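Have a look at the structure below before the remarks.
The values are calculated or read from the model by the stated rules, or taken from the named source; none is laboratory data. Computed from a predicted model, the values in this text were never measured in an experiment. All Cβ positions, glycine included, derive from the backbone under ideal geometry; neighbour counts span all protein chains shown. With ligands, DNA and RNA removed, areas are computed over all heavy atoms of the protein, side chains included. Shrake-Rupley method; radii C 1.70, N 1.55, O 1.52, S 1.80 Å.
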Amino acid sequence: MSKPASLSLDQAPPITVPLRFFLTAPLFAITAALLLLWQGPDLFSSRWNPALLGATHLLTLGHMGLTMLGAIMQMLPVVASAPMRRPALAAALVHTLGTGGIVLLCTGLAFTLPLALKFALPILGSALLLFAALVVITLRRAMPHNMTARAMRLAALMLGATALLGLTLLSNHAFGWWLQSREALTNLHLTWGLLGWVGILVIGVSYQVVPMFLLTPPYPAKITRWLAALLFILLLALAPASHSPALRILLGSLLAAGFAVFALTTLRLQSQRRRKQPDVTLNFWRGGMISLLLAVALWLAARVIPALDMAQSYNPLLGVLMIVGFAMSVINGMLYKIVPFLVWFHLQSRRGPSGPKVPNVREILPESRARGQMWLHFAALGSLLAAIFLPASLTYPAALLFGASNLWLWLNVILASRTYRRINGLIIEASGHGAAAPQIMK
Amino acid sequence: MTTISNFLAPDHQRCDNLFAVAEAAAARGDWDNAATGFVHFQNAMLHHFAMEEEVMFPAFETRTGMTQGPTAMMRSEHRQMTDLLNQMAEAAARKDSDAFLGDAETLLIIMQQHNMKEEQMLYQMADQVLAGELEELIGRMRAMD
Ligand code: HEM
């Protein structure tokens, strides 16, 4: 019988592994806000606007992508029931290559610099494909009935496929050859990225964290067993269907139904939670689920009402709802559970039986700060949506709110990591001063 | 048939419920109910740990010869949770809601991950290796109070 692994410190990766991702990610969202301030209302003038492509990837890869990579690196050993090999090295490689590649990709796209894009191709490509391979290989050892592990594996495969399509599209920008099916490939790329990589990952993680943090009933077994795999197959089928509009609408409707079932189930479970007191993460998740439902409704409505599909506001609305409303809300909410707990957990395990007192999660990240940032985030979301209809008057306020929200998020993560460094310093000092010191520190 | 899984897993649920009651009272600032609720919760947790550490784990260790395996891990997590319970008891005595709720949040995460590992792994392994003596073991756990 193989020895089941533990969740102890010898299994958890060093705290720097996830933190380096969490500390960099908000900077990319702040940069996206600056890009919007600089471009102003013109940013949404066309979906092929270079600055818009740059801003989109500052958010999807820079903010969401890096945070998700960091969180997966942290969760992987637990989900796989086995430690990851050389986590610090893997994190350093993925983080350094990834960050560099994203900077190159986004500057190259936004300012039309083919040379930057030529460097971005191999650097970003190797970071993401290396990461996807790492996840799939590590999860080989996971228990077969662990549904989170299954969904995480499917999401990683989708990340790989999204990246390969993205690299193909990018080679078009970098080398200037004319890609024939650019629009169809872009649609497939963004659907796999947002619904496959982000959507399936959020679904898999929800199975674990929604019941755990809120003491809700578990997700129904029918959903946990089938939903992620079903969505994965539907998404794959979109590739050969790109030349048949009718089939595409059928697949799209089934996907919409799948995500609606997920969002509605999550909202229902959350309303049945046994932990009733206010919770910032819960609000972030509710906002995320409502945005997802609105995106589904908008997409379905546009299938029935062709004028909607043609409207200039349609694509930007869908994009803001999915990226800022759904993905960023959920991710932001998760950070407020993950970061304080990790700081506490690592300090607690290092302190020994009589080391200095470790602050609790609320002292590490005061609830009031998280709550304030949350309101700013939702104000930014609302004003971004409104700015699509009133670009002249609302684009700048929306960009400022969005930048301020992400700056505050960054400061909150910094605050927690400072506390880690301060207390860790005390722990090292206490252990250096022999047996008498710890008593004084208390 | 009663198994380790379906005897001990529902006890996790019972502890979760008691946790929610005590935490909600503390969040309302209702310290009378928080204090009694917390005592119920703490007793339920310690009782659960005792059933495992005095009956189920030793039987598992004897049968498998694994003393440094999963049970050692679970015991050390029990110590971690007991420390947090003690801190919460002190916070409840001081009516310090930030300390109480902060430790409650931390305890909940540890507790849920711990329960998941027991329910998805250890209890199922125990049900297999201890198949012949389930009735006797569960009887002994039932008799503890
Ligand atoms: C290696 C990684 C990636 C590369 C190289 C890449 C590259 C590209 C390129 C070049 C385009 C523009 C297509 C064109 O102009 O022909 C594009 C569009 C897009 N990508 Fe990516 N991408 C990557 C990852 C992702 C991920 C992970 C997501 C989402 C989670 C994503 C979301 C989008 C979206 C939403 C668009 C459409 C923008 C629009 O229509 O205005 N990309 N991508």
Inset, instruction - Give me Rg over Rh for the protein assembly as shown, both radii from the alpha carbons and Rh done the Kirkwood way, two decimal places. - result: 0.99
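Taking both sides together, what accessible area is buried at the A/B interface, probe 1.4 Å, expressed in Å² and rounded to the nearest 100? The partial results should precede the final answer.
Numbers: alone 19590 and 7560 Å², together 24320 Å².
For chain A against chain B, roughly 2800 Å² becomes buried.
What whole-number value in cubic angstrom gives the convex hull volume per residue for the C-alpha atoms of the range A:59-196?
Numbers: hull volume 13.4 nm³, N = 138.
Value for the range A:59-196: 97 Å³ per residue.
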Inset, instruction - Using R₀ = 41 Å, calculate the FRET efficiency as 1/(1 + (r/R₀)^6) where r is the Cβ-Cβ separation of B:Asn17 and B:Gln68; round to 0.05. - result: 0.75
Legend entry - MRE, 222 nm, helices only [DSSP H, n ≥ 4, -39500 (n - 2.57), over chain A, to nearest 500]: -25000 deg cm²/dmol
Legend entry - GNM top mover of A:Ala386, A:Ala221, A:Ala239 - chain A, alpha-carbon springs below 10 Å: A:Ala221
Inset, instruction - Taking only protein heavy atoms into account and a 1.4 Å probe, give the accessible area per residue of chain A in Å². - result: 41 Å²
Inset, instruction - Grab the beta carbon distance between B:Asn33 and A:Leu300, set R0 = 41 Å, and tell me the FRET efficiency rounded to 0.05. - result: 0.30
Legend entry - GNM result for chain B, Cα springs below 10 Å: residue of B:Met74, B:Met111, B:Met125 fluctuating most strongly: B:Met125
Legend entry - Nearest 10 degrees, 0 to 90: helix B:31-51 Cα axis against chain B principal axis: 10 degrees
Legend entry - Whole-number accessible area per residue in Å² for the range B:4-142, which is evaluated in the context of all protein chains at 1.4 Å: 40 Å²
Inset, instruction - Rounded to the nearest 10 degrees, what's the angle between the helix A:66-80 long axis and the longest principal axis of chain A, both from Cα atoms, 0 to 90? - result: 60 degrees
Inset, instruction - On a 0 to 90° scale, report how tilted helix B:4-28 is relative to the longest principal axis of chain B, with both axes built from alpha carbons and the result rounded to the nearest 10. - result: 0 degrees
Inset, instruction - Quote the charge dipole size of the protein assembly as shown about the Cα centre in Debye, to the nearest 20; the model charges only the Cβ of Lys and Arg (+1) and of Asp and Glu (-1). - result: 1180 debye
Inset, instruction - Please give the residues from the range B:69-85 for which the solvent-accessible area of heavy atoms, probe 1.4 Å, is smaller by at least 50 Å² with all protein chains in place than with the chain isolated. - result: B:Met73, B:Gln80
Legend entry - Residues in the range B:118-145 occluded by at least 30 Å² - accessible area, probe radius 1.4 Å, against chain by itself: B:Gln120, B:Met121, B:Met125
Inset, instruction - Pairs of lysines 8 or more apart, or on different chains, with alpha carbons under 26 Å: count those in the protein assembly as shown, would you? - result: 11
Legend entry - Cut-off under 5 Å, modelled amide H: who pairs with A:Arg274 long-range: A:Thr216
Legend entry - Among A:Leu236, A:Leu264, A:Ile102 - extreme Cα towards positive end, dipole of the range A:9-430, charges at beta-carbon: A:Leu264
Inset, instruction - Leaving ligands, DNA and RNA out of it, report the carbon-plus-sulfur percent of the accessible area of the protein assembly as shown at a 1.4 Å probe. - result: 65 percent
Legend entry - Occluded residues from the range A:195-215, i.e. those whose accessible area drops by 20 Å² or more once the chain is not alone (1.4 Å probe): A:Gln208, A:Met212, A:Phe213, A:Leu215
Inset, instruction - Take the range B:4-142, compute every pairwise Cα distance, and split them into 5 Å bins from 0; I just need the percent in each bin. - result: 2, 10, 20, 22, 16, 12, 9, 6, 3, 1
